[in-house]
Amino acid sequence: MFRGQTTMKRNFLMGAAALASLATLSACGGGAGSDANAPAPAETTAAVEAPAATETPAAAAAGATLEYASFTTDAAAGEKAFAACRTCHVFDEGVNRVGPSLHKIVGRKSGSVAGFSYSDANKNSGITWTPQVLFEYLKDPKAYVPGTKMAFPGVKDDQKRADLVAYLEAQSK
Ligand code: HEC
């Protein structure tokens, strides 16, 4: 019954649009337009709300369990993405730039590079840099480690970030 109403409304709207485009825009088009516009938003809202109610839990679950392991990664593409990190990080052991050396970063404890002056936030975070943790951290470092002095906004694209983590893994072997 609800669907039937929507269809009728659609036909009416299309008819109104056709009429309007035919000629008397000011008189007829204006009247039909305001008549049709009143119920239309209510219908649209109802139509959107129904599927949203069933989709939201699934979407939320997917967001909560965005697993690095579920991505097909490309370490070569990740090497290109690492260009964004290279100004501050190198992989050479003991070589600190603006950021600490990323030598064998995967599996390392946070704040463990000798001679690098970490923020307390990073040093005391208790993080172990697993691939999954890196995947989440690098999306928004300041959100993951509030107070970090790593001035980097993050890699928002999930696939690009997964590729980047694959590259970090490859470099850590
Ligand atoms: C503008 C410089 C800068 C850029 C760009 C940058 N970082 Fe950092 N990074 C830092 C600094 C500084 C720290 C130390 C943070 C602290 O002590 O709070 C850090 C810390 C880290 C840590 C934690 C290391 C540890 O020993 O605990 C990781 C992992 C990391 N960065 C990875 C990356 C990756 C991957 C990129 C590129 C996507 C990147 N960073 C881009 C400056 C940078």
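Residues in the range 133-142 that are under 17 Å from Glu67 (Cα atoms) and more than 8 Å from the ligand (Cβ to nearest atom): Val133, Phe135, Glu136, Lys139, Asp140.
Of the candidates Lys173, Lys139, the single residue that is modelled with pLDDT under 95 and assigned to a loop (DSSP other than H, G, I, E, B) is Lys173. Within the range 118-132, the set of residues being farther than 15 Å from His89 by Cα and either outside any helix (DSSP H, G or I) or near the ligand (Cβ under 9 Å from one of its atoms) (or both) comprises Ser119, Asp120, Ala121, Asn122, Lys123, Asn124, Ser125, Gly126, Ile127, Thr128, Trp129, Thr130. Beta carbons closer than 9 Å, at least 6 apart along the sequence or on distinct chains, pair a first residue in the range 141-157 that is without any contact (Cβ under 8 Å) to a residue 24 or more places away in the chain with a second that is near the ligand (Cβ under 6 Å from one of its atoms) and of a type in the set (S, T, N, Q) for Pro141/Thr148; Lys142/Thr148. Restrict the check to the range 144-157 and report whether at least one residue is closer than 19 Å to Thr87 by Cα, of a type in the set (Ser, Thr, Tyr) and outside any helix (DSSP H, G or I). Yes. Residues in the range 88-117 that are of a type in the set (Ser, Thr, Tyr) and either more than 10 Å from the ligand (Cβ to nearest atom) or more than 28 Å from the chain's Cα centre (by Cα) (or both): Ser112, Ser117.
Taken over the range 66-84, the residue count meeting the criterion of being of a type in the set (D, E, K, R), surrounded by 15 or more Cβ atoms within 10 Å (Cβ to Cβ) and within 13 Å of the ligand (Cβ to nearest atom) is 1.
The values are calculated or read from the model by the stated rules, or taken from the named source; none is laboratory data. This structure is a prediction, so every number in the text was calculated from the model and none was measured. Note that we place each Cβ from the backbone using ideal geometry, even for glycine, and neighbour counts take in every protein chain shown.
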